[in-house]
Structure formats: C-alpha cells, structure tokens
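The values are calculated or read from the model by the stated rules, or taken from the named source; none is laboratory data. Source: prediction; values computed, not measured. Here Cβ is always computed from backbone atoms with ideal geometry, including for glycine, and neighbour counts include all displayed protein chains. Just the protein is used for accessible areas: all its heavy atoms, side chains included, with ligands, DNA and RNA removed. Shrake-Rupley method; radii C 1.70, N 1.55, O 1.52, S 1.80 Å.
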Amino acid sequence: MATYILRRAVGVLVVMFAVVTGMFLLLHASPVSPVNQLAPQVAADPVARAAVEHRMGLDRPLVVQYLDYLGGLLTGDFGTSLYDGSSVADQIGRALPVSLELGFLAALLAVVPAVLLGTWSALRQGRAVDQATRVVTVVAMSLPGYWIAVVMLVLVENPDYLPGAGGFVAFSEDPVRNLQVLLLPAVVLGLAAFAMITRSLRGGLVEAYTSDHVAFARAMGSSRAQVLRRVALRGAVVPTLTVAGVLIGGLLSGTVLVESVFQVPGLGQLMVTAFQRQDYQLALGGCVATAAIFLVLNLVVDLLYLVVDPRTRQGLVRA
C-alpha cells in the first residue's frame with residue numbers, strides 16, 4: 001500500500017512538472033510582450049523598450065529564464081509580477097482562499113443534493129420523480145455555465161447577492177455577507193457537477209439493484225434500508241467517487257468564468273487579469289496553483305478508494 005501511495009505521489013509531481021514546463025513555453029511563445037502594457041512612449045522607443053526588457057529579465061535566453069523560474073518554485077518563490085513588481089505569491093495568497101471557499105461551497109451545494117436526489121431517483125426507477133430527475137439533469141448539463149451566470153445577473157436585481165455590486169467581504173469580516181454574495185456564483189458553478197453526480201449515482205444504484213449481491217441480501221431478509229446502505233451504495237460509490245473527484249477538482253480550480261462574470265476577487269479573476277496584461281510570472285503562478293489543487297484533489301480521491309472499496313486494498317496487498 002505504501003508503494004502505491006508513493007507511486008501516485010510521484011505521478012503527481014511528474015504531471016506538475018509537465019504542466020509548469022508546458023505553460024512556461026506556451027506563454028513565452030506568445031508574440032506579445034508585457035512591455036506593450038506600459039506607456040506608449042516606452043513601448044514604441046526601442047532603447048527604452050530594451051532597457052525595460054533587461055530589467056524584467058526578458059532578454060535572457062529562454063532556457064535560463066526557465067531554469068531560474070523552476071529553481072524559484074522549488075524554494076516556494078513564484079517570482080514578481082512583470083506589471084507592477086509585486087510578489088506573485090502574495091497575490092495568489094490573497095486570491096486563492098476566495099476561490100477555495102467558492103469551490104468548496106459549490107461542491108457542497110452540488111454533492112449533498114446530488115446524493116439525495118440520485119438515491120431517491122434510483123429507488124423510484126421509472127416513476128415520475130425518476131423521469132423528472134433525468135430531464136432536469138440533462139438540461140443542467142447542457143446549459144453553458146457562462147450563459148447561466150449572465151442570465152442570473154440579469155434576473156437577480158438585488159445587489160446584496162452580487163459580489164461585484166456590493167463589494168466582496170471576507171468570511172472572517174462578515175460571515176453572513178460573505179456567504180450571501182458567494183451563494184449565487186456557487187450555485188452557478190456547481191450546477192453541472194450536481195447533474196453529473198446525480199446521474200452517475202442513479203445509474204450506479206440502478207445497476208447495483210440488479211446484481212446478485214442485492215438479490216442475496218433480500219433473500220436473507222435484509223431490510224430495504226440495509227440493502228441500500230450495506231450493499232447497493234457500496235457498489236455504486238466507487239464510480240460515483242471517480243466522477244465526483246474530477247468534478248470537485250474542476251470546481252475548486254476552474255472558477256475563471258464564474259469569477260469573471262460575478263467579479264469575485266479569486267484566483268480565476270487574477271489569472272484573467274494576468275493574461276490580459278501579458279504578465280508571465282503572475283499567469284504562470286496562477287496556473288501552477290490551479291494545477292496543484294486539481295492534482296492534489298485527484299490524489300485524495302485515489303486514496304479514498306482504499307477506504308471505501310475493500311477490493312482495492314486487497315488487490316494492493318496481493319500485489
């Protein structure tokens with residue numbers, strides 16, 4: 001088991017290295033330059049432009065820039081913003097908790113109703129509630145999140161529920177106001193995940209109820225609740241956990257569009273600003289943080305398999 005955990009951790013590091021390398025090369029392959037965002041007289045003057053690029057270190061060989069950046073990451077240094085010289089780590093440190101809170105709230109609003117509705121729908125397979133659940137989830141998965149966010153902005157006229165209108169407030173300052181302004185973005189962000197988890201759990205439970213294990217449990221006199229809890233859910237939880245892990249990772253790391261629409265000062269909005277300014281350092285820092293969140297959450301899901309599925313543990317012991 002320890003070998004499995006070590007192998008998965010090494011895999012995360014390898015993927016992280018590939019992400020950092022790929023993003024670094026893609027950003028520096030762009031024909032635009034952060035110098036273009038400075039005053040027109042500086043960007044147009046070749047001498048002034050060369051001086052600024054030298055100060056930013058953009059005139060060094062690409063390999064040298066890459067090795068310097070990689071060395072800084074290994075020591076926890078994300079560099080400084082090419083736009084204003086501020087610390088990238090400090091900016092990420094201010095924005096990341098906002099995105100994590102938004103993603104966590106969206107995951108909570110997606111997973112809890114999805115488990116309840118998916119279970120209820122499976123227990124009433126073929127009935128009206130099951131048919132309605134299937135229609136609602138298909139519609140929820142089909143609607144683009146960006147479009148839903150824009151529609152919500154139009155429909156909700158109360159500025160108290162809009163982060164951009166009333167101003168974002170941290171949870172430590174005013175918990176009620178904080179949850180109030182994050183509720184609408186969290187609902188929009190978690191809607192598709194709710195639909196996918198609901199359908200995955202419903203499908204898994206429907207399949208589990210046709211298995212020999214459930215038939216044997218019923219023949220032994222187990223109650224409906226015991227069959228659901230001890231047999232059916234165990235058979236359906238592994239594929240659902242896989243889907244939920246990927247989706248929750250996306251919620252916590254993929255808040256770019258929703259944060260931009262609702263003006264939530266999180267990591268997504270910070271990355272949009274960085275790309276608009278061609279701020280390589282800040283954009284790279286945001287991408288690294290986003291990838292790290294996603295990969296760590298997927299590692300956690302892999303480790304959860306060892307807890308919820310005894311067959312996985314037995315397979316590792318035999319290996």
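Below, the figures for the structure above:
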{"read-out": "Residue count, the stretch 176-208 (criterion: among the hydrophobic types (A, V, I, L, M, F, W, C) and closer than 30 Å to Arg127 by Cβ)", "value": "13"}
{"read-out": "Selected residue [among the β-branched types (Val, Ile, Thr), open to solvent by 20 Å² or more (accessible area, probe 1.4 Å) and within 21 Å of the chain's Cα centre (by Cα)] from Val188, Val231, Val206, Val238", "value": "Val238"}
{"read-out": "Pick from the stretch 152-166, criterion in contact with a helix residue (DSSP H, G or I) (Cβ under 8 Å, 6 or more places away or on another chain) and over 21 Å from Gly190 (Cβ atoms), ranking: modelled with the highest pLDDT", "value": "Pro159"}
{"read-out": "The stretch 197-235, subset part of a helix (DSSP H, G or I) and hydroxyl-bearing (Ser, Thr, Tyr), residue farthest from Pro113 (Cα to Cα)", "value": "Ser200"}
{"read-out": "Selection count, the stretch 117-139, where residues are farther than 14 Å from Ser200 by Cα and either surrounded by 18 or more Cβ atoms within 10 Å (Cβ to Cβ) or charged (D, E, K, R) (or both)", "value": "2"}
{"read-out": "Among residues of the stretch 79-112, those that are open to solvent by less than 50 Å² (accessible area, probe 1.4 Å) and either part of a helix (DSSP H, G or I) or in contact (Cβ under 8 Å) with a residue 60 or more places away in the chain (or both), counted", "value": "20"}
{"read-out": "Options Gln281, Gln263; residue that is at pLDDT 75 or above, open to solvent by 20 Å² or more (accessible area, probe 1.4 Å) and on the phi > 0 side of the Ramachandran plot", "value": "Gln263"}
{"read-out": "Residue ID - modelled with the lowest pLDDT, chosen from residues in the stretch 40-78 that are surrounded by fewer than 13 Cβ atoms within 10 Å (Cβ to Cβ) and more than 36 Å from the chain's Cα centre (by Cα)", "value": "Gln41"}
{"read-out": "Pairs where the first residue, in the stretch 125-151, is at pLDDT 90 or above and the second is open to solvent by 80 Å² or more (accessible area, probe 1.4 Å), C-beta under 7 Å, 6+ apart", "value": "Thr137/Arg199"}
{"read-out": "Filtered residue count, the stretch 50-92, keeping only those that are of a type in the set (Ser, Thr, Tyr), out of contact with any helix residue (DSSP H, G or I) (no Cβ under 8 Å at 6 or more places or on another chain) and more than 20 Å from Pro265 (Cβ to Cβ)", "value": "1"}
{"read-out": "Matching residues in the stretch 72-125 - criterion: being closer than 30 Å to Thr210 by Cβ and of a type in the set (Val, Ile, Thr)", "value": "Val111, Val112, Val115, Thr119"}
